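Taking it in order: structure first as structure tokens, then the write-up.
The values are calculated or read from the model by the stated rules, or taken from the named source; none is laboratory data. Just so it is clear, the model here is predicted, and its values are computed rather than measured. Ideal geometry is used to build each Cβ from the backbone, glycine not excepted, and the neighbour counts take in all protein chains shown.
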Amino acid sequence: MFTQLSNNASTNNVEFIKEVKVDGSWENASYYGAFSVDKEIRFRISIPTSMGVQGMVLRINRDGEDYWDVPMNLTSFWPGREEYSVELNLRTLCGPVPALFFYEFLFLRGLRTLFTSSINNYDFSLTYSSGSKFSLLVHDEYFKPKEWFGKGIMYHVFVDRFAKGEIAPYRRDDMVINEDWYNGVPQYVKNPGDKLANNMFFGGNLRGIEDKLDYLESLGTKVIYLSPIFKAYSNHKYDTGDYMTVDEMFGGEVALRSLIYKAKEKGISIILDGVFNHTGDDSLYFNKYAKYLSAGAYNYDGSKYHDWYTFKNYPDEYESWWGIDIMPKLNQNNPECRNYFVGEGGVIEKYTKMGIGGWRLDVADELPDEFLYGLRECVHKHTDGEGIIIGEVWENAAVKSAYGKRRNYFHGRQLDSVMNYPLRNGIIDFVTCGSAEMLYNVLMELYSSYPRCVSDSLMNILGTHDTERILTVLGDNYRPDAPNDHLAVMRMTPHEKEKAIARLKLASILQYTVYGIPSVYYGDEAGVEGYHDPFCRRTYPWGREEKKLIDHYKRLGELRNIEKAFDRGDFRVLDHGETTLVFERSKEDSRVVVIANGGNENYKVKLDGKWIDMLSYESYENFISTKPHTARIMKRI
């Protein structure tokens, strides 16, 4: 019947309601666990009198500090039930600096005190000892959503493998061109740990992307996220050689400016991949092989770049990314190094002023706070606050610790969003195992941990350049541990692929309809297969796509653009079971309900009126049955 569940978590008939004061009135905010520092919030706990509670306490602590107890007030009671509440002024609680807090509730019952134990920062259980605490993130009051970042989808392009445009000049070194666009296999190592040159190119470039803008527009694309484009030795460009130069094999700066301009005409923004944690050893800055005219940190200890790196035993022992010596780690705590990127006339300013929509930050966990503060200030200065900054973070970024330190990503002065790897894991588990519990917990935990503007702009992924192709993951014969010689040529049978495509349709419906922005890794919508890097970086199969799958993605993209509910609309779970999940997206007069069935039996739901399935265009009254391993996107008519 699509009636909303109670908007509070409950256990043993105990109800927990969060409220926020808006224009002098209290509004329900039970789904949220992050608030602006200028807000007042109220916690209400309703309990049965049979529990024998003599009093209640809110136990709260600022992250890393001791807790303090705040008595709660008995505010109302009626036959069989009573309610306690406590109000918090967040500016008084927090002080001048945004902060992360953790809290729990104590039910005082003599010697048998009960504690709340958070399950997903929304649901909870009651225990006889302190357990998992709720998180409360208090962020800067100016932390707001980007007005342009909500509709449509993001499309992730690995530049060398997407499309060939006007032929760009090839380098005169040991680089290799693979002319077999459709069947060529990317370079790979025989055994893990072996060296790999990554100097084989297939010839994709920025002009090729520009030539395909009509296609990308047909998918509903509003943002194109490019893999690194700066001058570098490798095909992947994560070993930057010169940040101030767009790689000539991609068409150079002229091609980038043209792409930005042509995309903007179609309402599409370009996001660049910022690899600011490390450079290549073959770079202007490190210059290990003396290919650049200026003195680099490696070949001259008096180089201006020397202190941009950390040498343990000069010159051959130095810090590098994960011990990979071809990627020496930058010391972004060095003011001169940091200023090169975020200072006046620096890297961020150059490309941001060129007209890009923002940055995706590679390995954000390894970038220091001062760098992130400076980067955000620079981006916002040149975009009137509308430039978006998305970090590569693989866990819950609101409570993330890295290298022994809690990160402040969402306090309002660093990141706007992150790549949503937890959602990817939850969707895969739901589609392959039929379990709704993990997906439900992921959705509730993130939504109740992140500031609302973050939830609305999450980069919802199923595949990236760092993961196996989603179609391969969803196949019955998924064998990621096979030798690379086998993975290079492994393909699904037609029957296996048909089944995997059906699963991908279910996965993509979830990806497109939950809060956040769906990010499609180039070729996933066309049925591209592939195991781990480099097999997930095969070329786009122009003219050989899975047409029905592309039609499915086009329809999803259309819905993203025409339904207001998907443009930063509210998210609410209406029902969830062992294998089923029903949730609602709503905004103003737009209300959409998604029914996902990961089980092996039909799932029937009562209807309160006439509804239409927005994928099949069929209408239903009284009830609707959703087949196993499928999902429906429903709208009332």
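Mind listing whichever residues of region 349-373 are without any contact (Cβ under 8 Å) to a residue 60 or more places away in the chain and buried (at least 20 other Cβ atoms within 10 Å of the Cβ)?
Across region 349-373, the qualifying residues are 352, 364, 372.
Taking the condition of being in a loop (DSSP other than H, G, I, E, B), without any contact (Cβ under 8 Å) to a residue 40 or more places away in the chain and under 16 Å from residue 449 (Cα atoms), how many residues in region 14-55 meet it?
Selection size over region 14-55: 1.
When you check residue 522 against the structure, is it surrounded by 24 or more Cβ atoms within 10 Å (Cβ to Cβ), among the hydroxyl-bearing types (Ser, Thr, Tyr) and in contact (Cβ under 8 Å) with a residue 60 or more places away in the chain, yes or no? Break it down into steps so the answer makes sense when it comes.
Details: surrounded by 24 or more Cβ atoms within 10 Å (Cβ to Cβ): yes; among the hydroxyl-bearing types (Ser, Thr, Tyr): yes; in contact (Cβ under 8 Å) with a residue 60 or more places away in the chain: yes.
Criteria met by residue 522.
Could you check region 228-262 and list, in sequence order, the residues that are of a type in the set (Gly, Ala, Ser) and surrounded by fewer than 24 Cβ atoms within 10 Å (Cβ to Cβ)?
Those that are of a type in the set (Gly, Ala, Ser) and surrounded by fewer than 24 Cβ atoms within 10 Å (Cβ to Cβ): 234, 241, 252, 255, 258.
With the requirement that a residue be under 15 Å from residue 196 (Cβ atoms) and in a loop (DSSP other than H, G, I, E, B), what does region 311-326 give you?
Residues satisfying the conditions are 324, 325, 326.
Go through region 222-278 and count every residue that is among the hydroxyl-bearing types (Ser, Thr, Tyr), in contact with an Asp or Glu (Cβ under 6 Å, 6 or more places away or on another chain) and farther than 14 Å from residue 206 by Cβ.
1
Consider residue 150 against the criteria (1) touching an Asp or Glu at 6+ places or on another chain (Cβ under 6 Å); (2) of a type in the set (Gly, Ala, Ser); (3) without any contact (Cβ under 8 Å) to a residue 24 or more places away in the chain: it satisfies all of them except one. Which criterion is unmet?
(3)
If you scan region 293-318, which residues turn out to be touching a Gly at 6+ places or on another chain (Cβ under 8 Å) and either aromatic (Phe, Trp, Tyr) or touching a residue at least 60 places away in the same chain (Cβ under 8 Å) (or both)?
305
Could you say which residue among 588, 584, 558 is at pLDDT 95 or above, surrounded by fewer than 17 Cβ atoms within 10 Å (Cβ to Cβ) and over 27 Å from residue 215 (Cβ atoms)?
588
Of the residues that make up region 609-625, is at least one surrounded by 11 or more Cβ atoms within 10 Å (Cβ to Cβ), touching a helix residue (DSSP H, G or I) at 6+ places or on another chain (Cβ under 7 Å) and farther than 23 Å from residue 431 by Cβ?
Taking every residue of region 609-625 in turn, none turns out to be surrounded by 11 or more Cβ atoms within 10 Å (Cβ to Cβ), touching a helix residue (DSSP H, G or I) at 6+ places or on another chain (Cβ under 7 Å) and farther than 23 Å from residue 431 by Cβ.
Just to verify a result, which residue in region 43-56, among those that are under 36 Å from the mean Cα position of the chain (by Cα) and of a type outside the set (Lys, Arg), is nearest to residue 28 (Cα to Cα)?
Looking at residues that are under 36 Å from the mean Cα position of the chain (by Cα) and of a type outside the set (Lys, Arg), I get 43.
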